[in-house]
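Below you'll find the structure, written out as structure tokens, and then a few comments.
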Amino acid sequence: TAYASQNVDCEACHGPGSLHVAAPTAAPLGLARDTAASWRFVDDSGIAQRDPQLESRTELETCAQCHSRRSQFSDDFEPGDMLLDSFRPSVLEENLYHADGQIQDEVYVYGSFLQSRMHAAGVSCSDCHDPHSATLRFDGNALCGQCHVASRYDQSSHHGHERNTAGSFCVDCHMPATTYMVVDPRRDHSFRVPRPDLTTTIDTPNACNGCHIEETSDWASATLDEWFPGGRHTTSHYGEALHAGRTWAANRGESLREILIDPGMPAIVRATAITLLAQQLDDAAIELITDTLQGNEPLVQLAALDALQNLPLEMRVQPGQRFLTHSLRSLRMAAARVLLPARPTLSERRASDLDAALAEYREAQFFNADRPEGLLNWGTTLMQLGQTEAATGFLESAIEIAPYFAPAYINLADTLRLSGSEADAQSLLEEAITINPDDAGAHFALGLSLVRSGNADAAFDEFLTAAELAPGSPHYHYVIGIALNSRNDRAGALMSLANTHARFPGHRDTLLALATIHRDGGEIAAAIDYTNRLLALSASDSVARNLLAELEALAP
């Protein structure tokens, strides 16, 4: 490893500076503070508006190099570049963010700020922070008072607490802190109003009960109702849709689609909705996602490109191929990954574009080859290219540098299986489980291998273990029901699948299995009931519609 500076220096934010040193006036530094902009109070809202409106997010994206939870795939980034040309920020993923977008793991501000009304209004980092001293521009509520009239907002009538006590400071309610590594408190930069009602319904934290730990969330909600009748805390929140998506609620598809079509939603929220929708696509979701690719939000388009991975090859080419020459490298690489299996069907020009984007993807994985993920990604790409021997080498290297990394074992086992060495694949998966016994994916992969070898009993045990280790994964639980049915335990299968449906009512495959097993047993009324539940998930489900027509013809 080599470095030019031990810490953040001038060029980290302002770019190369040798010309500026030689001729400061002729070569001014980039990212200079916009002294012409100001915040003006133009109406009676008590909240200032930027004049002129912010046209560039250069400062935010420069800060996001470090102040974001992201992956990096190049060292080429210079201030003024788009973040997605060298980095890929995380969306509101489970275990990183709570369902309503509040910080959970250490996510470094950027993803939170993208959700905020501040971001939408054109606030940027240096409006609050002095980047050169690493201090706030003002102390206490005076910082927020730059844009929020103190006579309205810095009053007990607004915050409900005595001045200069806990709860009277803006950040107490709108930027609650989470402490990491015991000593490092980080404030949530989504600048949200407290939502104790969401604590009750989707189990997310709220600032009120963060202080009033002896009280219930219902008490906090009642207090807010008294202070702010009909306030913003009474409106719907995208956290409810993301929670439905994470928990496989019956309304997950409809709720996520509503988020996706709402142009007022923050881009990171819409991108998260796509990521969740992609776990189970129906015709309506596919149409929405392909429409989304016609928009102009790169983070949303990136998620939509990833979602194409779950479509048949013939459905990927038309919406995805133009992104092979997109101005942002992350989108070009995503398009290359999605379209690689469809290369033989592309025009000569598009095939050339794909090769160029794939070369960038290769460079990105080599950039990260000190970690197993980079080696795994390129190894699996080589598998798609039919270069099994080379792929094996990269997967073995991933295991060598990170013996705990189960995905490398699973994919290497696939290469062995494809070459006819099922026994070697099983041995490798058993090794993975020995090293990492709590990895559900390894147990599930071993179960599939055992099924192919005809050892159904041992396979069933592995499926059970996978489901126990990943209780929130409906697929593992669904497979247990299918396995029971294949073992002629119809009653056990129906009970298992019914329990899975009760826990994950929005999981399509479970409902389809219940409908078809009841149909095959001559229980037409029950089959019709489950099929109607399928159609409630998605009225455009052609398989469900055809099944219902078949069942109605069989009904007495």
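The values are calculated or read from the model by the stated rules, or taken from the named source; none is laboratory data. If you're wondering where the values come from, they're calculated on a predicted model, not measured in any experiment. Neighbour counts are summed over all protein chains in view; Cβ atoms, including those assigned to glycine, are modelled from backbone coordinates with ideal geometry. We work out accessible area using only protein heavy atoms, side chains counted, and drop any ligands, DNA or RNA first. Shrake-Rupley method; radii C 1.70, N 1.55, O 1.52, S 1.80 Å.
Do you know the relative contact order of the range 251-294, to the nearest whole percent, from alpha carbon pairs under 8 angstrom that are 6+ apart? Each step should come with its number before you reach the end.
Details: 22 pairs, mean separation 17.9, N = 44.
The normalised contact order for the range 251-294 reaches 41 percent.
How much length is gained on full extension from ASP438 to GLN72, taking 0.36 nm per residue of separation minus their Cα-Cα distance?
Values: separation 366, 0.36 × 366 = 131.76 nm, distance 2.80 nm.
Taking ASP438 through GLN72 to full extension adds about 129.0 nm, to one decimal.
Modelling each spin label as a point 7 Å along the Cα-to-Cβ direction, I'd like the LEU136/TYR404 distance in nm, to one decimal.
The answer from the label model is 3.7 nm.
Among the GluC sites (Glu not before Pro) within the range 446-524, which fall in a DSSP loop and have no more than 16 other Cβ atoms within 10 Å of their own Cβ?
Numbers: sites: GLU462, GLU468, GLU523; in loops: GLU523.
The qualifying sites are GLU523.
Around PRO505, what is the net charge, scoring Lys/Arg as +1 and Asp/Glu as -1 over all other residues with Cβ under 10 Å from its Cβ? List each step's numbers first, then the result.
Numbers: positive: ARG252, ARG503, ARG533; negative: none.
My count for the surroundings of PRO505 gives +3.
Only residues of the range 103-125 count here: report those whose backbone N is under 19 Å from the spot 7 Å along Cα→Cβ of VAL42, or say none.
Output list for this probe position: 117-124.
Once label points are set 7 Å from the Cα along Cα→Cβ at both SER540 and HIS129, what is their separation, rounded to one decimal in nm?
The two pseudo-label positions are separated by 4.1 nm.
Quick check: pseudo-label points 7 Å beyond the Cα along Cα→Cβ at THR325 and LEU96, how many nm apart are they?
About 3.1 nm, to one decimal.
Could you give the spread of the C-alpha atoms of the range 460-534 along their three principal axes, from largest to smallest, in whole angstroms?
35, 26, 13
Based solely on C-alpha atoms, express the radius of gyration and the Dmax of the chain in angstrom.
26.7, 91
Would you work out the charge dipole size for the range 67-196 about its Cα centre, treating the Cβ of every Lys and Arg as +1 and the Cβ of every Asp and Glu as -1, and quote it to the nearest 20 debye?
Working: 11 positive and 18 negative charges, 115 e Å.
Taking the Cα centre of the range 67-196 as origin, the dipole is about 560 debye.
Enter the Cα centre distance for the pair the range 350-416 and the range 121-169, rounded to the nearest angstrom.
Between the Cα centres of the range 350-416 and the range 121-169 lies a distance of 49 Å.
Assuming R0 = 41 Å, can you tell me the calculated FRET efficiency for the pair ALA222 and ALA491, based on Cβ-Cβ distance, to the nearest 0.05?
Values: r = 48 Å, r/R0 = 1.16.
E(calc), rounded to 0.05, equals 0.30.
Where the accessible area of the chain is counted over protein heavy atoms with a 1.4 Å probe, how much of it, in %, is carbon and sulfur? Please report the intermediate quantities before stating the final value.
Numbers: 14730 of 28050 Å².
Carbon-and-sulfur percentage of accessible area, whole number: 53.
Just to confirm, what accessible area per residue do you get for the range 489-546 at 1.4 Å probe, in whole Å²?
Working: 2510 Å² over 58 residues.
Using a 1.4 Å probe on heavy atoms only, each residue of the range 489-546 averages 43 Å².
Would you mind getting me the FRET efficiency between ASP457 and HIS212? Use the beta-carbon distance for r and R0 = 56 Å, nearest 0.05.
On the way: r = 54 Å, r/R0 = 0.96.
Calculated value: 0.55.
Against the longest principal axis of the chain, how steep is helix 348-367, in degrees 0 to 90 to the nearest 10, with axes from Cα atoms?
Roughly 70 degrees, rounded to the nearest 10.
For the chain, what does -39500 (n - 2.57) per DSSP helix run (n ≥ 4), summed and divided by total residues, give at 222 nm, in deg cm²/dmol to the nearest 500? Present the calculation step by step, with values, prior to reporting the outcome.
Values: 30 runs with 299 residues, N = 556.
Helix contribution divided over all residues of the chain: -16000 deg cm²/dmol.
So, in Å, what gap is there between the alpha-carbon centers of the range 216-243 and the range 472-518?
If we compute the Cα centre of each part, the gap is 37 Å.
Sequence-distant or interchain residues sharing an amide H contact under 5 Å with ARG186, placed H: which?
THR178, THR179, TYR180
Once you charge only the Cβ atoms, +1 for Lys and Arg and -1 for Asp and Glu, what is the size of the charge dipole of the chain about its Cα centre, to the nearest 20 debye?
Details: 39 positive and 74 negative charges, 185 e Å.
Charge dipole of the chain: 880 debye, to the nearest 20.
Which residues in the range 397-426 have a backbone N closer than 14 Å to a point placed 7 Å from the Cα of THR388 along the Cα-to-Cβ line?
The answer is 412-425, whose backbone nitrogens lie closer than 14 Å to the label point.
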